[in-house]
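A short reminder: the numbers here are calculations on the coordinates, not readings from a lab. Everything numeric here is computed off the predicted structure, so don't read it as measured data. Quick reminder, even Gly has a Cβ in these numbers, built from the backbone with ideal geometry, and neighbours come from all protein chains shown.
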């Protein structure tokens, strides 16, 4: 069991984050901007998750691999990043089609 102490500074930071999240939720963004933000978020997740697992690619290299020709032959580290990004796209598509998450789907 992990024991955590929440200090006043931590609590104030959490409150500030929540207030900013609320303010952002009130902003109306165009579909184009939302799509760009979503794609950027998936790129960063693909990079970060693979980096945690020991992938040697830099964030710039990971982005280049994601944006490059899908028919190209990739080295294993590059393919890991591409596969992660493509799996996020696949899950998003399934959720947009109102499909339920299941072990089989995952």
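Output the 0 to 90 degree angle, nearest 10, between the alpha-carbon long axis of helix 31-52 and the longest principal axis computed from the alpha carbons of the chain.
Rounded to the nearest ten degrees, it is 80.
Read through the labelled values [x] 30, 21, 17; [y] 34, 15, 12; [z] 96, 20, 10 and report the label of the one computed as semi-axes √(5λ) of the Cα gyration tensor in Å from the structure.
[x]
Once R0 is set to 30 Å, what does the formula 1/(1 + (r/R0)^6) return for the Cβ-Cβ distance between residue 106 and residue 75, expressed as a FRET efficiency to the nearest 0.05?
On the way: r = 26 Å, r/R0 = 0.86.
In this case the efficiency is close to 0.70.
For the pair residue 5 and residue 45, how long in nm is the line joining their label points, each one 7 Å along Cα→Cβ?
Those two pseudo-labels are separated by 3.5 nm.
Expected output is a single nm value to one decimal: the length gained when fully extending between residue 16 and residue 53, i.e. 0.36 nm times separation in residues minus the C-alpha distance. What is it? Provide the component values of the computation, followed by the final result.
Numbers: separation 37, 0.36 × 37 = 13.32 nm, distance 3.12 nm.
Between residue 16 and residue 53, full extension yields 10.2 nm more.
Where does helix 8-25 land angle-wise versus the long Cα axis of the chain, in degrees 0 to 90, nearest 10?
60 degrees
Helix-only mean residue ellipticity at 222 nm, the chain, DSSP H runs n ≥ 4 weighted -39,500 (n - 2.57), per residue, nearest 500. What is it? Can you show the working numbers first?
Values: 4 runs with 70 residues, N = 106.
The helix contribution divided over the chain gives -22500 deg cm²/dmol.
In nm, to one decimal, how far is the modelled label at residue 30 from the one at residue 89, with both set 7 Å along Cα→Cβ?
Taking the two extended label points, one gets 2.3 nm.
When the Cα centres of the range 91-106 and the range 1-75 are compared, how far apart do they sit, in Å?
Using only Cα atoms, the two centres lie 21 Å from each other.
For helix 76-96, report the angle its Cα long axis makes with the longest principal axis of the Cα atoms of the chain; keep it between 0 and 90° and round to the nearest 10°.
The answer is roughly 60 degrees.
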